[in-house]
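Read the structure below first, then the notes.
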Amino acid sequence: MNHLIISPILLPAVLAGLMVLVRGSLALQRALTLMGTIALLGLALQIAAQASAGPQSYFLGNWPVPFGIALVADRLSALMLVLTAGLGVIVLIHVISTGWERRGKHFHTLFLFQLMGLNGAFLTGDAFNLFVFFEVLLIASYGLMVHGGGRERLRAGVQYVAFNLLGSSLFLIALATIYAVTGTLNMADLATKLPDLPAAHTALLRVAAVLLMTVFAIKAAMVPLQFWLPATYANAPAPVAALFAVMTKVGAYALIRFGTLVFPTDLPATGTLIQDLMQPAALITMAVGAFGVLGSRDLPKLVAFSALGSMGTLLLAVAAFTPAATGAALYYLIHSTLAMAALFLISDITPHRRDGLIAALYMVAAVAMAGMPPLSGFIGKLLILDALRDQAPLAWSFILLSSLLTMLGLARMGSDLFWKDDEPERASSRTTPFSPVATGLCVAALAALTLGAGPITAWLTQAASDLHAPAAYIEGLKLQGPQS
């Protein structure tokens, strides 16, 4: 049993508890949180290296499957751990350099619990504990969302919680239905039992599958369940919105995990049901996001709609449920998270500073987000277009037109921000120290993703192949698990 796997959950949980003891010292809170998040990144990289050799398992209490709680780290889980920890370090640098945590209480505690919830969701091999970590995410993210107060922020936070509570209720109903039919909620165990499910239970299973897809669609902000995202992201504190860039990916992660392991397209009971529902919804999500970008008049709202459009592109690739499309989706997932985070951090800087450096950072992030060459957005969309050749011209038309609309919206916003004569803002920029270091790290990560596209896509292609042939994931739980 690999004890390293539980460390990305334990480390932020322990540090969050320590925040209570050092709540009188902001400097100590900053040091502990930053060192802990950097250590988390190191642990995630080590887990990724181990997962490259095959899925790794950990069993809480040494209970056998399916009775105990299992944590599993495969390439997909490890990818999400590295992305979460890396983004966490970048956001924390911005928060500390700008003093954002001074605007409310318990920022560092909530930040650490957010990381714990994300890591737990990516590592759990049990559907019920996925629900548990979703709830940890909800509580922590709501606290971060309303950090600093404000009427509009509180209103958006209430809307965000309401949508997610609806999702939580549907999640419980779906889990209860699946457990009643199969007697298990361990995902690997479900993968072995569902193909032999009696025909009498097919209808119940299809209902549960649709309910689960609805829950994950809410988390991923897929149309028609996207209403919470634009207001939430546009009104959240900018560094929090940057961290939320990876939170919407939890929904995409769950769709990939369940769509390849629990409800694959060759499962007789569900067939292509999830695929058939996801594809049109993803196309509409992409269109809504693109038109939202074109109609936005302030940067936070524009970035929020671009986040929605990028989720549509990502989910369209996921909905194909082929190894090539999944590999392309994983590359685009990394890119869109970093590009979105960079733009949100820039939106926090531009009210105070609009010099040439900030303009250059905005241009790079905008080019990446729009999917223009030569950056990773172009490579990601090219990979998706290639994987969806059988869906041309419909899918290609939506992707290319949404990219054009997004580019136009971002270009107009750049012109408004950096070319219009705005002396009060420029005066503020001369007197307010607002460091772009964190934004620079995001842009540097995008550049590294572009330059390293060859080896990165090779690793992700293998991850996608493993997902669509989950025998090693299932067998790993049996071989590495404790003996009953």
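In the stretch 72-99, what count of residues is obtained for those that are under 30 Å from ARG257 (Cα atoms) and either open to solvent by 10 Å² or more (accessible area, probe 1.4 Å) or among the aromatic types (Phe, Trp, Tyr) (or both)? Quick ask: steps written out before the conclusion?
Let us first name the residues in the stretch 72-99 that are under 30 Å from ARG257 (Cα atoms), namely 72-92.
Adding the requirement that they be either open to solvent by 10 Å² or more (accessible area, probe 1.4 Å) or among the aromatic types (Phe, Trp, Tyr) (or both) leaves 74-75, 79, 82-83, 86, 89-90.
Qualifying residue count for the region: 8.
The rows are residues; the columns are (1) in a helix (DSSP H, G or I); (2) crowded, with 23+ Cβ neighbours inside 10 Å; (3) in contact with a helix residue (DSSP H, G or I) (Cβ under 9 Å, 6 or more places away or on another chain); (4) of a type in the set (Asp, Glu).
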site: LEU4; (1), (2), (3), (4): yes, no, yes, no
site: ARG30; (1), (2), (3), (4): yes, no, yes, no
site: LEU34; (1), (2), (3), (4): yes, no, yes, no
site: ALA39; (1), (2), (3), (4): yes, no, yes, no
site: GLY42; (1), (2), (3), (4): yes, no, yes, no
site: PHE67; (1), (2), (3), (4): no, no, no, no
site: GLU101; (1), (2), (3), (4): yes, yes, yes, yes
site: LEU112; (1), (2), (3), (4): yes, yes, yes, no
Cβ-Cβ under 6 Å, sequence separation 6+ or interchain: first residue in the stretch 296-325 and farther than 21 Å from ALA217 by Cα, partner β-branched (Val, Ile, Thr). Which pairs?
LEU302/VAL293
In the stretch 459-474, which residue that is open to solvent by less than 30 Å² (accessible area, probe 1.4 Å) and within 21 Å of the chain's Cα centre (by Cα) is nearest to PHE263 (Cα to Cα)?
LEU467
Test: residue in the stretch 234-243 that is assigned to a helix (DSSP H, G or I), among the β-branched types (Val, Ile, Thr) and either on the phi > 0 side of the Ramachandran plot or in contact with a helix residue (DSSP H, G or I) (Cβ under 7 Å, 6 or more places away or on another chain) (or both)
yes
Meets criteria (open to solvent by 10 Å² or more (accessible area, probe 1.4 Å), touching a helix residue (DSSP H, G or I) at 6+ places or on another chain (Cβ under 6 Å), of a type in the set (A, V, I, L, M) and part of a helix (DSSP H, G or I)) for ALA191
yes
Restricting to the stretch 118-147, name every residue that is at pLDDT below 85 and open to solvent by 40 Å² or more (accessible area, probe 1.4 Å).
none
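Kindly indicate which of HIS147, HIS94, HIS108 is within 21 Å of the chain's Cα centre (by Cα) and not in a helix (DSSP H, G or I).
Numbers: HIS94 fails: not in a helix (DSSP H, G or I); HIS108 fails: not in a helix (DSSP H, G or I).
HIS147 is the lone residue from the list that is within 21 Å of the chain's Cα centre (by Cα) and not in a helix (DSSP H, G or I).
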Lone unmet requirement of (1) under 18 Å from ALA236 (Cα atoms); (2) buried (at least 16 other Cβ atoms within 10 Å of the Cβ) for GLU152
(2)
Counting only residues that are charged (D, E, K, R) and surrounded by fewer than 20 Cβ atoms within 10 Å (Cβ to Cβ), how many does the stretch 354-383 have?
1
Among the candidates LEU255, LEU225, LEU267, LEU229, single out the residue that is touching a residue at least 24 places away in the same chain (Cβ under 8 Å) and surrounded by fewer than 21 Cβ atoms within 10 Å (Cβ to Cβ).
LEU267
So, in the stretch 198-212, how many residues would count as being open to solvent by 20 Å² or more (accessible area, probe 1.4 Å), in a helix (DSSP H, G or I) and modelled with pLDDT of 85 or more?
8
Within the stretch 213-224, is there a residue that is over 21 Å from ILE256 (Cβ atoms) and not in a loop (DSSP other than H, G, I, E, B)?
no
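Going residue by residue through the stretch 459-473, is there one that turns out to be hydroxyl-bearing (Ser, Thr, Tyr), modelled with pLDDT of 90 or more and closer than 27 Å to ALA241 by Cβ? Spell out how you get there, then give the answer.
Step one: of the stretch 459-473, the residues hydroxyl-bearing (Ser, Thr, Tyr) are 461, 465, 473.
After this cut, where a residue has to be modelled with pLDDT of 90 or more as well, the list is 461, 465.
So of that shortlist, the ones also closer than 27 Å to ALA241 by Cβ come out as none.
No, the conditions are met nowhere in the stretch 459-473.
The values are calculated or read from the model by the stated rules, or taken from the named source; none is laboratory data. From a predicted model like this one, the values you see are computed outputs, not experimental measurements. Cβ: placed from backbone, ideal geometry, glycine included. Neighbour counts: every protein chain shown. When the accessible area is computed, the model is the full protein with side chains, heavy atoms only, and any ligands, DNA or RNA have been set aside. Shrake-Rupley method; radii C 1.70, N 1.55, O 1.52, S 1.80 Å.
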